[in-house]
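Reading through the structure tokens given below for one structure.
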Amino acid sequence: HVTVRVTGLDVLTYFSRKYYHTQNIMAACNFDMCFIFVSLGWERSMYDSRIFNEILTNDNISFPHPE
């Protein structure tokens, strides 16, 4: 979770149980510790497993699958 500043209609969507605004970020690194994939903007109520499953099954997201 990363603290964010939210305005407008999304204020309640990103309000966490710790009483501040957060969003989930999923990042993948290679063995050289370089980012090869980053997905951000997931609302605070999303579980890590749900985000990972969505990224793996969504054809519109180019997650780097191993050969």
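The values are calculated or read from the model by the stated rules, or taken from the named source; none is laboratory data. From a predicted model like this one, the values you see are computed outputs, not experimental measurements. Using ideal geometry, Cβ is built from the backbone for each residue, glycine included, and neighbour counts are taken over all protein chains shown. Heavy atoms of the whole protein, side chains included, go into the accessibility calculation; ligands, DNA and RNA do not. Shrake-Rupley method; radii C 1.70, N 1.55, O 1.52, S 1.80 Å.
Structure above, values below:
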quantity: Amide H within-cut-off set for Ile25, under 5 Å, with H built and near neighbours excluded; calculated: Val2
quantity: Ranked packing of 53-59, 28-34, most packed first, by mean Cβ within 10 Å; calculated: 53-59, 28-34
quantity: Longest to shortest principal axis, alpha-carbon extents of the chain, angstrom; calculated: 42, 26, 19
quantity: Accessible surface, per residue, of the chain when the full set of protein chains is kept, probe 1.4 Å, Å²; calculated: 84
quantity: In degrees, nearest ten, helix 48-57 long axis to first principal axis of the chain (Cα); calculated: 50
quantity: Mean Cα-pair separation over length for the range 4-64, i.e. relative contact order, pairs under 8 Å, 6 or more apart, %; calculated: 26
quantity: Local electrostatic count at Leu56 - Lys and Arg +1, Asp and Glu -1, tallied over other residues with Cβ under 15 Å; calculated: -2
